[in-house]
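The structure appears right after this line, and notes come after that.
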Amino acid sequence: MTAGAMTAALVTGCGGGKDESGSTEDGKTVITIWSKDRHDANFIQERIDEYNETNTDNVQVEYELYTDNFEQAVDLAAQSGELPDILKLQDQVYNKYVNQGQWADLYQYMDDDMKEYFKDEVYEGINEIDGKLYYIPTCGTTGRLIYNTEIFDRVGIEAPPTTMEEMVEDAKLITSELSGEGIYGFAQHMKSASSALERSLDLQMERETGIKKGFDFAKGEYDFSGYKELLGYWTELLSDECAFPGCEALDIDPLRTQFANGKIGMYISWTHSEPGVYMDQFPMDSDKWDVAPIPTVSGEDVGKQNITFTSAYLINAESKNAELAFKVYKDIFTTEDFLIGYQEGGYGVSIIPDIVEKAALSDEIADKEWLQMQDIDGVLPLTPQEKNAQAVVVEGEDYYKTFESVYYGGEDVDAALADLTDRYNKAYQQGIEDGTGTEVKIENYDPMNP
(Lines give C-alpha, C1' and ligand atoms only; values in the text may rest on other atoms or scores of the structure.)
Protein backbone atom coordinates (compact mmCIF):
# COMPACT_ATOMS: atom_id res chain seq x y z
CA MET A 1 0.00 0.00 0.00
CA THR A 2 1.24 3.47 -0.78
CA ALA A 3 0.62 6.25 1.71
CA GLY A 4 -2.39 8.37 0.83
CA ALA A 5 -3.61 5.97 -1.84
CA MET A 6 -5.96 3.05 -2.03
CA THR A 7 -4.71 -0.49 -1.74
CA ALA A 8 -6.73 -1.34 -4.84
CA ALA A 9 -9.60 -0.17 -6.96
CA LEU A 10 -11.39 -3.46 -6.80
CA VAL A 11 -13.45 -3.56 -9.98
CA THR A 12 -14.67 -6.56 -11.90
CA GLY A 13 -17.21 -7.48 -14.51
CA CYS A 14 -17.78 -4.09 -16.11
CA GLY A 15 -14.90 -3.55 -18.50
CA GLY A 16 -13.37 -0.26 -19.59
CA GLY A 17 -11.48 2.47 -17.77
CA LYS A 18 -12.94 5.60 -16.21
CA ASP A 19 -12.71 8.95 -17.94
CA GLU A 20 -12.60 12.35 -16.23
CA SER A 21 -16.37 12.79 -16.46
CA GLY A 22 -16.97 9.87 -14.08
CA SER A 23 -17.96 7.35 -16.72
CA THR A 24 -16.38 4.21 -18.11
CA GLU A 25 -15.40 3.88 -21.76
CA ASP A 26 -18.59 1.91 -22.41
CA GLY A 27 -20.79 4.61 -20.87
CA LYS A 28 -21.42 3.26 -17.39
CA THR A 29 -21.68 5.79 -14.56
CA VAL A 30 -18.95 5.21 -11.98
CA ILE A 31 -19.89 5.37 -8.29
CA THR A 32 -16.88 5.31 -6.00
CA ILE A 33 -16.95 3.97 -2.44
CA TRP A 34 -14.16 4.53 0.09
CA SER A 35 -13.81 2.19 3.06
CA LYS A 36 -11.47 2.19 6.04
CA ASP A 37 -12.10 -1.44 7.01
CA ARG A 38 -10.05 -4.40 5.88
CA HIS A 39 -11.80 -7.01 8.05
CA ASP A 40 -14.92 -7.10 5.84
CA ALA A 41 -13.29 -6.20 2.51
CA ASN A 42 -13.64 -9.65 0.93
CA PHE A 43 -17.33 -9.90 1.85
CA ILE A 44 -18.06 -6.37 0.57
CA GLN A 45 -16.11 -6.91 -2.64
CA GLU A 46 -18.09 -10.05 -3.46
CA ARG A 47 -21.34 -8.09 -3.12
CA ILE A 48 -20.02 -5.25 -5.25
CA ASP A 49 -18.85 -7.68 -7.93
CA GLU A 50 -22.33 -9.18 -8.02
CA TYR A 51 -23.92 -5.74 -8.23
CA ASN A 52 -21.60 -4.67 -11.05
CA GLU A 53 -22.58 -7.75 -13.03
CA THR A 54 -26.33 -7.57 -12.45
CA ASN A 55 -27.50 -3.98 -11.92
CA THR A 56 -29.78 -2.48 -14.54
CA ASP A 57 -28.86 1.14 -13.81
CA ASN A 58 -25.76 1.14 -16.05
CA VAL A 59 -23.55 1.64 -12.98
CA GLN A 60 -20.05 0.46 -12.19
CA VAL A 61 -19.00 0.62 -8.53
CA GLU A 62 -15.36 1.16 -7.67
CA TYR A 63 -14.43 0.07 -4.15
CA GLU A 64 -11.32 1.73 -2.75
CA LEU A 65 -9.82 0.52 0.51
CA TYR A 66 -7.89 2.78 2.88
CA THR A 67 -6.70 1.53 6.24
CA ASP A 68 -4.23 3.54 8.31
CA ASN A 69 -4.73 6.77 6.36
CA PHE A 70 -8.50 7.03 5.89
CA GLU A 71 -8.98 10.30 7.78
CA GLN A 72 -6.00 11.96 6.08
CA ALA A 73 -7.22 10.84 2.67
CA VAL A 74 -10.68 12.28 3.34
CA ASP A 75 -9.20 15.58 4.52
CA LEU A 76 -7.12 15.92 1.37
CA ALA A 77 -10.05 15.00 -0.87
CA ALA A 78 -12.38 17.41 0.91
CA GLN A 79 -9.92 20.26 0.45
CA SER A 80 -9.59 19.55 -3.27
CA GLY A 81 -13.27 18.79 -3.89
CA GLU A 82 -12.51 15.19 -4.83
CA LEU A 83 -14.40 13.18 -2.24
CA PRO A 84 -15.93 9.92 -3.45
CA ASP A 85 -19.67 9.43 -3.84
CA ILE A 86 -19.98 7.14 -0.80
CA LEU A 87 -17.81 6.83 2.32
CA LYS A 88 -17.79 4.25 5.09
CA LEU A 89 -18.69 5.93 8.37
CA GLN A 90 -15.86 7.01 10.63
CA ASP A 91 -16.91 9.16 13.57
CA GLN A 92 -14.01 11.61 13.29
CA VAL A 93 -14.66 12.20 9.60
CA TYR A 94 -18.42 12.45 10.06
CA ASN A 95 -18.22 14.91 12.94
CA LYS A 96 -15.56 17.04 11.27
CA TYR A 97 -17.67 17.77 8.20
CA VAL A 98 -21.31 17.31 9.23
CA ASN A 99 -21.67 21.00 10.10
CA GLN A 100 -20.19 22.03 6.76
CA GLY A 101 -22.96 20.53 4.63
CA GLN A 102 -20.70 17.79 3.30
CA TRP A 103 -23.06 14.84 3.89
CA ALA A 104 -26.36 14.37 2.12
CA ASP A 105 -29.65 14.15 4.01
CA LEU A 106 -30.83 10.59 3.39
CA TYR A 107 -34.45 11.42 4.19
CA GLN A 108 -34.81 13.13 0.81
CA TYR A 109 -34.18 9.80 -0.94
CA MET A 110 -35.82 7.31 1.44
CA ASP A 111 -39.30 5.95 0.75
CA ASP A 112 -41.78 5.31 3.56
CA ASP A 113 -40.95 1.61 3.78
CA MET A 114 -37.26 2.32 4.30
CA LYS A 115 -38.00 4.98 6.92
CA GLU A 116 -40.21 2.52 8.79
CA TYR A 117 -37.69 -0.33 8.63
CA PHE A 118 -34.84 1.75 10.04
CA LYS A 119 -36.83 3.94 12.43
CA ASP A 120 -35.15 2.45 15.51
CA GLU A 121 -31.72 3.33 14.11
CA VAL A 122 -32.40 7.07 14.23
CA TYR A 123 -30.62 8.85 17.11
CA GLU A 124 -31.42 12.52 17.43
CA GLY A 125 -28.26 14.58 17.86
CA ILE A 126 -26.03 11.79 16.53
CA ASN A 127 -27.05 10.59 13.06
CA GLU A 128 -30.14 12.82 12.86
CA ILE A 129 -29.44 16.53 13.31
CA ASP A 130 -32.01 19.29 12.81
CA GLY A 131 -34.35 16.88 11.09
CA LYS A 132 -31.76 15.58 8.63
CA LEU A 133 -30.56 11.96 8.63
CA TYR A 134 -26.94 11.56 7.60
CA TYR A 135 -26.35 7.82 8.02
CA ILE A 136 -28.10 4.62 9.07
CA PRO A 137 -26.13 2.41 11.48
CA THR A 138 -26.86 -1.28 10.99
CA CYS A 139 -24.19 -2.61 13.35
CA GLY A 140 -22.48 -1.46 16.51
CA THR A 141 -19.14 -2.11 18.12
CA THR A 142 -17.49 -1.63 21.46
CA GLY A 143 -14.25 -2.66 23.09
CA ARG A 144 -13.42 -6.00 24.70
CA LEU A 145 -10.40 -7.76 26.11
CA ILE A 146 -9.17 -10.30 23.55
CA TYR A 147 -7.12 -13.09 25.15
CA ASN A 148 -5.28 -16.25 24.16
CA THR A 149 -6.84 -19.17 26.05
CA GLU A 150 -3.83 -21.47 25.54
CA ILE A 151 -1.40 -18.94 27.00
CA PHE A 152 -3.67 -18.34 29.97
CA ASP A 153 -3.88 -22.10 30.58
CA ARG A 154 -0.11 -22.53 30.35
CA VAL A 155 0.60 -20.08 33.18
CA GLY A 156 -2.40 -21.07 35.28
CA ILE A 157 -4.67 -18.06 34.76
CA GLU A 158 -8.12 -19.52 35.36
CA ALA A 159 -10.25 -16.56 34.24
CA PRO A 160 -9.68 -13.27 32.41
CA PRO A 161 -8.92 -10.30 34.68
CA THR A 162 -11.72 -8.02 35.84
CA THR A 163 -9.60 -5.27 37.41
CA MET A 164 -6.56 -3.42 36.14
CA GLU A 165 -4.53 -4.73 39.07
CA GLU A 166 -5.33 -8.29 38.02
CA MET A 167 -4.57 -7.45 34.39
CA VAL A 168 -1.13 -6.10 35.25
CA GLU A 169 -0.42 -9.16 37.44
CA ASP A 170 -1.49 -11.54 34.66
CA ALA A 171 0.57 -9.69 32.05
CA LYS A 172 3.65 -9.78 34.29
CA LEU A 173 3.15 -13.51 34.94
CA ILE A 174 2.92 -14.36 31.24
CA THR A 175 5.93 -12.22 30.37
CA SER A 176 8.08 -13.54 33.20
CA GLU A 177 7.36 -17.18 32.41
CA LEU A 178 7.17 -17.16 28.61
CA SER A 179 9.20 -14.23 27.26
CA GLY A 180 12.05 -16.65 26.63
CA GLU A 181 9.80 -18.14 23.95
CA GLY A 182 8.95 -14.73 22.55
CA ILE A 183 5.55 -14.67 24.33
CA TYR A 184 4.46 -11.56 26.24
CA GLY A 185 1.53 -10.73 28.46
CA PHE A 186 0.01 -7.65 26.83
CA ALA A 187 0.14 -5.57 23.67
CA GLN A 188 -1.63 -2.55 22.26
CA HIS A 189 -1.00 -0.82 18.94
CA MET A 190 0.40 2.35 20.46
CA LYS A 191 1.81 3.75 17.20
CA SER A 192 -1.48 5.64 17.03
CA ALA A 193 -2.44 6.76 20.52
CA SER A 194 -5.94 7.75 19.43
CA SER A 195 -6.66 4.46 17.66
CA ALA A 196 -5.37 2.43 20.59
CA LEU A 197 -7.01 4.37 23.41
CA GLU A 198 -10.41 5.10 21.88
CA ARG A 199 -11.13 1.35 21.95
CA SER A 200 -9.69 0.79 25.42
CA LEU A 201 -8.94 3.57 27.90
CA ASP A 202 -11.87 5.72 26.74
CA LEU A 203 -14.29 2.88 27.42
CA GLN A 204 -12.72 2.08 30.77
CA MET A 205 -13.29 5.64 31.95
CA GLU A 206 -16.89 5.61 30.76
CA ARG A 207 -17.65 2.57 32.90
CA GLU A 208 -15.44 3.65 35.78
CA THR A 209 -16.57 7.27 36.14
CA GLY A 210 -19.26 8.13 33.57
CA ILE A 211 -16.81 10.56 31.93
CA LYS A 212 -16.64 10.37 28.13
CA LYS A 213 -13.48 11.62 26.41
CA GLY A 214 -12.81 13.85 29.40
CA PHE A 215 -16.28 15.43 29.43
CA ASP A 216 -18.64 15.38 32.42
CA PHE A 217 -22.20 15.65 31.08
CA ALA A 218 -23.69 16.43 34.49
CA LYS A 219 -21.30 19.33 35.14
CA GLY A 220 -21.20 20.46 31.52
CA GLU A 221 -17.41 20.75 31.55
CA TYR A 222 -14.23 18.83 30.88
CA ASP A 223 -12.52 17.15 33.83
CA PHE A 224 -9.54 14.85 33.31
CA SER A 225 -8.61 14.52 36.98
CA GLY A 226 -10.19 11.07 37.29
CA TYR A 227 -7.77 9.49 34.79
CA LYS A 228 -4.81 9.43 37.18
CA GLU A 229 -5.10 5.94 38.64
CA LEU A 230 -5.96 4.35 35.31
CA LEU A 231 -2.94 5.98 33.63
CA GLY A 232 -0.76 4.54 36.37
CA TYR A 233 -1.87 1.03 35.46
CA TRP A 234 -1.39 1.73 31.75
CA THR A 235 2.18 2.81 32.49
CA GLU A 236 2.75 -0.60 34.08
CA LEU A 237 1.00 -2.47 31.26
CA LEU A 238 3.23 -0.85 28.67
CA SER A 239 6.44 -1.48 30.60
CA ASP A 240 8.98 -4.17 29.75
CA GLU A 241 7.59 -6.32 32.56
CA CYS A 242 4.26 -6.72 30.74
CA ALA A 243 4.30 -5.62 27.13
CA PHE A 244 5.29 -7.04 23.78
CA PRO A 245 8.49 -5.27 22.71
CA GLY A 246 7.99 -2.33 20.37
CA CYS A 247 4.36 -1.55 21.24
CA GLU A 248 5.13 2.14 20.88
CA ALA A 249 5.63 1.59 17.12
CA LEU A 250 3.07 -1.18 16.59
CA ASP A 251 0.10 -0.99 14.21
CA ILE A 252 -3.03 -3.05 14.79
CA ASP A 253 -2.53 -5.60 11.99
CA PRO A 254 1.04 -6.49 12.96
CA LEU A 255 -0.29 -6.87 16.51
CA ARG A 256 -3.01 -9.21 15.31
CA THR A 257 -0.43 -11.20 13.37
CA GLN A 258 1.59 -11.76 16.53
CA PHE A 259 -1.54 -12.64 18.49
CA ALA A 260 -2.58 -15.18 15.86
CA ASN A 261 0.94 -16.64 16.07
CA GLY A 262 0.53 -17.15 19.81
CA LYS A 263 2.98 -14.46 20.93
CA ILE A 264 0.61 -12.14 22.85
CA GLY A 265 -1.48 -13.03 25.88
CA MET A 266 -4.09 -10.27 25.59
CA TYR A 267 -4.96 -6.96 24.00
CA ILE A 268 -8.04 -4.74 23.63
CA SER A 269 -9.99 -4.22 20.43
CA TRP A 270 -13.39 -3.90 18.78
CA THR A 271 -16.13 -6.51 18.83
CA HIS A 272 -17.05 -5.99 15.18
CA SER A 273 -13.66 -6.61 13.64
CA GLU A 274 -11.83 -9.42 15.40
CA PRO A 275 -14.03 -12.38 14.33
CA GLY A 276 -13.58 -11.55 10.66
CA VAL A 277 -9.87 -10.88 11.17
CA TYR A 278 -9.24 -14.33 12.66
CA MET A 279 -11.44 -16.10 10.15
CA ASP A 280 -10.13 -14.48 6.96
CA GLN A 281 -7.18 -12.18 7.46
CA PHE A 282 -5.01 -13.95 10.03
CA PRO A 283 -6.59 -17.40 10.42
CA MET A 284 -6.64 -18.65 14.00
CA ASP A 285 -8.50 -21.54 15.59
CA SER A 286 -11.56 -20.15 17.34
CA ASP A 287 -10.95 -22.18 20.50
CA LYS A 288 -7.56 -20.52 20.98
CA TRP A 289 -8.98 -17.06 21.70
CA ASP A 290 -11.86 -15.60 23.63
CA VAL A 291 -13.40 -12.29 24.65
CA ALA A 292 -14.15 -10.65 28.01
CA PRO A 293 -15.13 -7.22 29.35
CA ILE A 294 -12.30 -4.70 29.50
CA PRO A 295 -10.97 -4.59 33.08
CA THR A 296 -11.46 -1.37 35.04
CA VAL A 297 -9.64 0.01 38.06
CA SER A 298 -12.28 -0.96 40.60
CA GLY A 299 -14.08 -3.72 38.73
CA GLU A 300 -17.31 -1.85 39.47
CA ASP A 301 -19.48 -0.07 36.89
CA VAL A 302 -20.92 3.40 37.43
CA GLY A 303 -21.58 4.02 33.73
CA LYS A 304 -22.14 2.33 30.41
CA GLN A 305 -19.36 2.04 27.84
CA ASN A 306 -20.12 3.55 24.49
CA ILE A 307 -21.42 1.67 21.48
CA THR A 308 -19.85 3.02 18.30
CA PHE A 309 -21.95 2.66 15.19
CA THR A 310 -20.49 0.70 12.29
CA SER A 311 -21.49 -0.65 8.89
CA ALA A 312 -22.93 2.75 7.99
CA TYR A 313 -22.30 4.93 4.95
CA LEU A 314 -22.22 8.63 4.16
CA ILE A 315 -23.30 10.10 0.83
CA ASN A 316 -21.25 13.01 -0.46
CA ALA A 317 -23.76 15.86 -0.82
CA GLU A 318 -21.53 17.49 -3.45
CA SER A 319 -21.43 14.42 -5.66
CA LYS A 320 -22.83 14.98 -9.16
CA ASN A 321 -24.51 11.60 -8.75
CA ALA A 322 -25.70 11.83 -5.14
CA GLU A 323 -29.16 10.38 -5.79
CA LEU A 324 -27.74 7.51 -7.81
CA ALA A 325 -25.10 6.95 -5.13
CA PHE A 326 -27.90 6.59 -2.58
CA LYS A 327 -29.60 3.99 -4.78
CA VAL A 328 -26.32 2.05 -5.04
CA TYR A 329 -25.92 2.23 -1.26
CA LYS A 330 -29.48 1.07 -0.71
CA ASP A 331 -29.32 -1.77 -3.22
CA ILE A 332 -26.03 -3.16 -1.90
CA PHE A 333 -25.86 -2.40 1.82
CA THR A 334 -29.43 -2.28 3.18
CA THR A 335 -30.97 -5.49 1.84
CA GLU A 336 -31.97 -8.17 4.31
CA ASP A 337 -29.76 -10.65 2.48
CA PHE A 338 -26.71 -8.42 2.93
CA LEU A 339 -27.45 -7.60 6.57
CA ILE A 340 -28.01 -11.23 7.54
CA GLY A 341 -24.89 -12.35 5.68
CA TYR A 342 -22.83 -9.64 7.36
CA GLN A 343 -24.00 -10.72 10.81
CA GLU A 344 -23.62 -14.44 10.15
CA GLY A 345 -20.15 -13.94 8.74
CA GLY A 346 -18.96 -12.26 11.92
CA TYR A 347 -18.16 -8.95 10.21
CA GLY A 348 -20.30 -6.88 12.57
CA VAL A 349 -22.72 -6.99 15.47
CA SER A 350 -26.18 -6.12 14.19
CA ILE A 351 -28.29 -3.63 16.14
CA ILE A 352 -31.40 -4.37 14.07
CA PRO A 353 -33.66 -6.74 16.07
CA ASP A 354 -35.14 -8.34 12.95
CA ILE A 355 -31.67 -9.24 11.66
CA VAL A 356 -30.47 -10.49 15.04
CA GLU A 357 -33.51 -12.77 15.17
CA LYS A 358 -33.05 -14.15 11.66
CA ALA A 359 -29.26 -14.51 11.50
CA ALA A 360 -27.84 -17.92 12.40
CA LEU A 361 -24.43 -17.29 13.93
CA SER A 362 -21.69 -19.85 13.50
CA ASP A 363 -20.74 -21.71 16.66
CA GLU A 364 -17.34 -20.07 16.87
CA ILE A 365 -18.99 -16.64 17.03
CA ALA A 366 -22.04 -17.59 19.08
CA ASP A 367 -19.86 -19.24 21.73
CA LYS A 368 -18.14 -15.93 22.48
CA GLU A 369 -20.98 -14.18 24.28
CA TRP A 370 -19.02 -10.98 24.87
CA LEU A 371 -18.84 -10.33 21.14
CA GLN A 372 -22.51 -9.41 21.42
CA MET A 373 -23.82 -6.28 23.14
CA GLN A 374 -24.38 -6.68 26.88
CA ASP A 375 -25.74 -4.70 29.81
CA ILE A 376 -22.44 -2.84 30.23
CA ASP A 377 -22.88 -1.22 26.78
CA GLY A 378 -24.97 1.78 25.75
CA VAL A 379 -25.24 4.67 23.29
CA LEU A 380 -23.76 7.73 25.01
CA PRO A 381 -24.41 11.39 24.18
CA LEU A 382 -21.89 13.29 22.08
CA THR A 383 -19.32 15.47 23.80
CA PRO A 384 -19.00 19.09 22.62
CA GLN A 385 -15.97 18.21 20.50
CA GLU A 386 -17.76 15.23 18.93
CA LYS A 387 -20.77 17.38 18.11
CA ASN A 388 -18.61 19.92 16.33
CA ALA A 389 -14.85 19.55 16.16
CA GLN A 390 -14.52 23.16 15.00
CA ALA A 391 -16.21 24.34 18.20
CA VAL A 392 -13.55 22.88 20.54
CA VAL A 393 -10.19 23.70 18.99
CA VAL A 394 -7.68 22.75 21.66
CA GLU A 395 -4.27 24.41 21.67
CA GLY A 396 -1.40 21.98 22.00
CA GLU A 397 -1.54 18.19 22.00
CA ASP A 398 -4.85 16.38 22.38
CA TYR A 399 -5.47 14.18 25.39
CA TYR A 400 -4.36 11.00 23.63
CA LYS A 401 -0.92 12.41 22.86
CA THR A 402 -0.72 13.95 26.32
CA PHE A 403 -1.43 10.56 27.88
CA GLU A 404 1.41 9.19 25.74
CA SER A 405 3.78 11.64 27.39
CA VAL A 406 2.68 10.20 30.75
CA TYR A 407 2.89 6.43 30.13
CA TYR A 408 5.94 6.62 27.87
CA GLY A 409 7.56 9.93 28.71
CA GLY A 410 7.26 10.04 32.49
CA GLU A 411 5.49 13.41 32.55
CA ASP A 412 3.96 14.36 35.90
CA VAL A 413 0.44 12.99 35.73
CA ASP A 414 -1.20 15.56 38.03
CA ALA A 415 0.24 18.47 36.08
CA ALA A 416 -0.64 16.88 32.74
CA LEU A 417 -4.26 16.23 33.72
CA ALA A 418 -4.72 19.70 35.20
CA ASP A 419 -3.32 21.25 32.03
CA LEU A 420 -5.63 19.12 29.87
CA THR A 421 -8.66 20.18 31.88
CA ASP A 422 -7.73 23.85 31.53
CA ARG A 423 -6.97 23.67 27.80
CA TYR A 424 -10.10 21.72 26.88
CA ASN A 425 -12.42 23.93 28.93
CA LYS A 426 -10.83 27.07 27.51
CA ALA A 427 -11.40 25.78 23.97
CA TYR A 428 -14.94 24.70 24.84
CA GLN A 429 -15.86 28.11 26.27
CA GLN A 430 -14.19 29.91 23.36
CA GLY A 431 -16.32 27.94 20.93
CA ILE A 432 -19.47 28.96 22.80
CA GLU A 433 -18.41 32.61 22.82
CA ASP A 434 -17.62 32.49 19.10
CA GLY A 435 -21.02 30.98 18.31
CA THR A 436 -19.53 27.84 16.73
CA GLY A 437 -20.49 25.68 19.71
CA THR A 438 -23.22 25.38 22.27
CA GLU A 439 -23.27 24.43 25.93
CA VAL A 440 -23.67 20.72 26.58
CA LYS A 441 -25.08 19.98 30.01
CA ILE A 442 -27.54 17.22 30.89
CA GLU A 443 -29.50 17.80 34.09
CA ASN A 444 -29.64 14.75 36.37
CA TYR A 445 -27.46 12.82 33.95
CA ASP A 446 -27.31 9.14 34.87
CA PRO A 447 -24.34 7.41 33.20
CA MET A 448 -25.99 4.04 33.82
CA ASN A 449 -28.99 5.21 31.77
CA PRO A 450 -27.43 7.57 29.20
Practice item. Count the DSSP beta bridges whose two residues both fall in the chain, then state the antiparallel fraction as a percent rounded to the nearest 5. Key: 65 percent
Review point. So which trypsin sites (Lys or Arg not before Pro) in segment 162-245 are both in a DSSP loop and have at most 14 other Cβ atoms within 10 Å of their Cβ?
Key: 219
Check your understanding: Mind listing P(r) for segment 90-168? All alpha-carbon pairs, 5 Å bins, whole percents.
Key -> 3, 11, 18, 15, 9, 6, 6, 9, 10, 8, 4, 1
Exercise for review: Let me know the charge dipole size of segment 102-213 about its Cα centre in debye, to the nearest 20, where only the beta-carbon of Lys, Arg (+1) and Asp, Glu (-1) is charged.
Suggested key: 440 debye
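Pulled fully out, how much extra length does the chain show between residue 335 and residue 80, if you take 0.36 nm times their separation in residues and subtract their Cα-Cα distance?
Difference between extended and current length: 88.5 nm.
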**Study point:** Efficiency of FRET between residue 179 and residue 445 - r from beta-carbon atoms, R0 35 angstrom, step 0.05
**Key:** 0.20
Exercise for review: Grab the Cα-Cα distance for residue 154 and residue 132, subtract it from 0.36 nm times how many residues apart they are, and report the gain in nm with one decimal.
Suggested key: 2.5 nm
Review point. What nm distance separates the two modelled labels at residue 42 and residue 112, each placed 7 Å from Cα along Cα→Cβ?
Key: 4.4 nm
Exercise for review: Using just the helices of the chain, give the 222 nm mean residue ellipticity in deg cm²/dmol: DSSP H runs with n ≥ 4 each add -39,500 (n - 2.57), and the total is spread over all residues, rounded to 500.
Suggested key: -10000 deg cm²/dmol
Check your understanding: Using Cα atoms only, what is the angle between the long axis of helix 228-237 and the major principal axis of the chain, expressed in degrees (0 to 90) to the nearest 10?
Key -> 90 degrees
Review point. Under a 1.4 Å probe, what is the accessible area of the chain per residue, stated in Å²?
Key: 42 Å²
Check your understanding: With all protein chains present, how much of the accessible area of segment 307-450 (probe radius 1.4 Å) comes from carbon and sulfur, to the nearest whole percent?
Key -> 46 percent
Exercise for review: Putting +1 on Lys and Arg Cβ atoms and -1 on Asp and Glu Cβ atoms, find which of 339, 311, 436 reaches farthest to the positive end of the dipole of the chain.
Suggested key: 436
Check your understanding: Within segment 271-365, which trypsin sites (Lys or Arg not before Pro) sit in a loop by DSSP and count at most 12 neighbouring Cβ atoms inside 10 Å?
Key -> 320
Exercise for review: Could you work out how far the C-alpha centroid of segment 331-374 sits from that of segment 293-320, in angstrom?
Suggested key: 17 Å
**Study point:** Two-site FRET efficiency, residue 412 against residue 358, from Cβ-Cβ distance with R₀ of 56 Å, rounded to 0.05
**Key:** 0.55
Exercise for review: Any chance you could run the full-extension gain for residue 257 through residue 405? It's 0.36 nm times the residue separation minus the Cα-Cα distance, nm to one decimal.
Suggested key: 50.6 nm
Check your understanding: What is the magnitude of the charge dipole of segment 45-150 about its Cα centre, with +1 placed on the Cβ of each Lys and Arg, -1 on the Cβ of each Asp and Glu, and no other charges, expressed in debye to the nearest 20?
Key -> 420 debye
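The values are calculated or read from the model by the stated rules, or taken from the named source; none is laboratory data. Keep in mind the model is a prediction, meaning the values are calculated, not measured. In this analysis, Cβ positions are derived from the backbone assuming ideal geometry, glycine residues included, and neighbour counts consider all displayed protein chains. Note: areas computed on protein heavy atoms with side chains; ligands, DNA, RNA excluded. Shrake-Rupley method; radii C 1.70, N 1.55, O 1.52, S 1.80 Å.
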